[in-house]
1. Does F225 qualify as being on the phi < 0 side of the Ramachandran plot and open to solvent by less than 30 Å² (accessible area, probe 1.4 Å)?
2. Would you check which residues across the stretch 235-262 are of a type outside the set (G, A, S), in a loop (DSSP other than H, G, I, E, B) and within 22 Å of N194 (Cβ to Cβ) and list them?
3. As an exercise: evaluate F232 against (1) open to solvent by 30 Å² or more (accessible area, probe 1.4 Å); (2) of a type outside the set (A, V, I, L, M); (3) within 18 Å of the chain's Cα centre (by Cα); (4) closer than 30 Å to V129 by Cβ and give the number of the one condition it does not meet.
4. Considering (1) open to solvent by less than 30 Å² (accessible area, probe 1.4 Å); (2) modelled with pLDDT under 95; (3) of a type outside the set (S, T, N, Q), say which one R282 fails and leave the rest.
5. I'd like the full set of residues that are surrounded by fewer than 17 Cβ atoms within 10 Å (Cβ to Cβ), of a type in the set (F, W, Y) and modelled with pLDDT of 65 or more, limited to the stretch 28-61.
6. What pairs come up if the first residue lies in the stretch 94-105 and is free of Cβ contacts under 8 Å to residues at least 60 places away in the same chain, the second is among the charged types (D, E, K, R), and their beta carbons are under 7 Å apart, counting only those six or more places apart or on different chains?
7. Filter the stretch 92-107 for residues that are among the hydrophobic types (A, V, I, L, M, F, W, C) and loosely packed, with under 14 Cβ neighbours inside 10 Å; which is nearest to T243 (Cα to Cα)?
8. Could you list, in sequence order, all residues of the stretch 65-85 that are open to solvent by less than 70 Å² (accessible area, probe 1.4 Å) and part of a helix (DSSP H, G or I)?
Amino acid sequence: MGNNVIKNIDFKLPDDFASELSIPGKKIAIKYYLNIYLKATEYISQLKDEKNNSSEPKFQLYVRIIFNRQSVKIKSKLNVSLTLNEFDELIEICAEPEAFKAEKKELYLKMIREAATLTNVVKNEYEKVTDNDRTGMLIHTFDFSYLFNTYRYENFELPKIINEILIEHIISFSKSLKNTDFIEYLLNESLELNAFQLISFLKTQDNKWLEFEKRLDENIWMFEFKYYEFKFHNPKYLLMGATLADFKYLDFIEDFQKYFKTIEFKGLIESIKTLIDDNQKR
């Protein structure tokens with residue numbers, strides 16, 4: 001494979017939300033490529049004529065994320081293998097998606113979701129660091145590679161993000177009751193403890209936690225269970241669950257409300273929006 005030139009797709013997010021994921025004066029580049037230096041995942045037989053069979057290798061799709069003069073590469077969550085010819089076709093689809101039929105664009109639409117998530121992860125971390133920068137030096141030295149050293153897409157799924165925010169709210173409220181040490185001990189001892197389990201226990205210890213629980217939409221404490229019910233019945237999200245990028249910029253809210261059609265779940269979505277916005281302002 002040494003003579004092959006590695007082709008890239010310099011992936012462009014749709015114009016209707018790309019600007020919201022941009023950083024003034026900075027560029028987050030997402031490039032897709034086939035990792036031809038790894039062993040081919042399979043071979044596709046092609047019958048050229050009755051006497052001559054040939055096979056075409058397929059290679060895993062990878063992503064390179066470039067930001068602040070640094071780059072990291074990871075295997076795409078899409079878990080796709082393509083031949084070089086298939087990748088050439090994908091390049092054409094990504095360059096002019098409106099020219100292709102829906103079935104041809106299926107992979108491209110998945111790439112939008114992944115690229116939006118990766119961009120959002122870098123953007124959020126950069127803004128978190130620079131918001132706390134007192135010297136102005138971190139803007140120049142910001143290293144995002146650690147984000148992807150142990151990167152797992154699942155760590156950025158909505159239930160995990162919402163759970164982390166709810167846990168932060170619980171810890172913050174616990175300071176007024178002066179039992180923060182005990183709650184942090186519980187969380188450290190039981191790494192799988194979620195906000196719903198924690199609030200259910202705390203309510204048995206002090207009625208003030210019942211008052212605290214009611215400050216938020218009652219369904220938000222059950223969001224993890226409702227999310228996985230929704231995900232189980234929606235193939236679109238089985239391979240790649242919904243992230244903040246899906247929630248803020250893509251179709252998750254519309255898809256979620258098509259599945260849960262009652263008024264109470266519209267209130268849940270509004271509560272999640274408020275929870276996320278308030279957390280990002282802190």
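1. no
2. First, pick out the residues of the stretch 235-262 that are of a type outside the set (G, A, S): 235-240, 243-244, 246-262.
From the residues that got through so far, the ones that are in a loop (DSSP other than H, G, I, E, B) too are 238-240, 250-251, 260-262.
Once the filter is applied, which keeps residues that are of a type outside the set (G, A, S), in a loop (DSSP other than H, G, I, E, B) and within 22 Å of N194 (Cβ to Cβ), the stretch 235-262 yields L238, M240, F260.
3. If we test F232 against (1) open to solvent by 30 Å² or more (accessible area, probe 1.4 Å); (2) of a type outside the set (A, V, I, L, M); (3) within 18 Å of the chain's Cα centre (by Cα); (4) closer than 30 Å to V129 by Cβ, just (4) comes out false.
4. (1)
5. Passing the criteria: only Y37.
6. Taking only residues 6 or more apart or on different chains, the pairs are P97/K105.
7. In the first step, residues of the stretch 92-107 are kept if they are among the hydrophobic types (A, V, I, L, M, F, W, C); the result is 93-95, 99-100, 102, 107.
Those still in the list that are loosely packed, with under 14 Cβ neighbours inside 10 Å too: 95, 99, 102.
On the way: A95: 25, A99: 28, A102: 23 Å.
Among residues in the stretch 92-107 that are among the hydrophobic types (A, V, I, L, M, F, W, C) and loosely packed, with under 14 Cβ neighbours inside 10 Å, the one nearest to T243 (Cα to Cα) is A102.
8. Selection gives L84 alone.
The values are calculated or read from the model by the stated rules, or taken from the named source; none is laboratory data. Just so we're clear, the structure is a prediction, and the values are computed from it rather than from any experiment. Using ideal geometry, Cβ is built from the backbone for each residue, glycine included, and neighbour counts are taken over all protein chains shown. Accessible surface areas use protein heavy atoms only, side chains included; no ligands, DNA or RNA. Shrake-Rupley method; radii C 1.70, N 1.55, O 1.52, S 1.80 Å.
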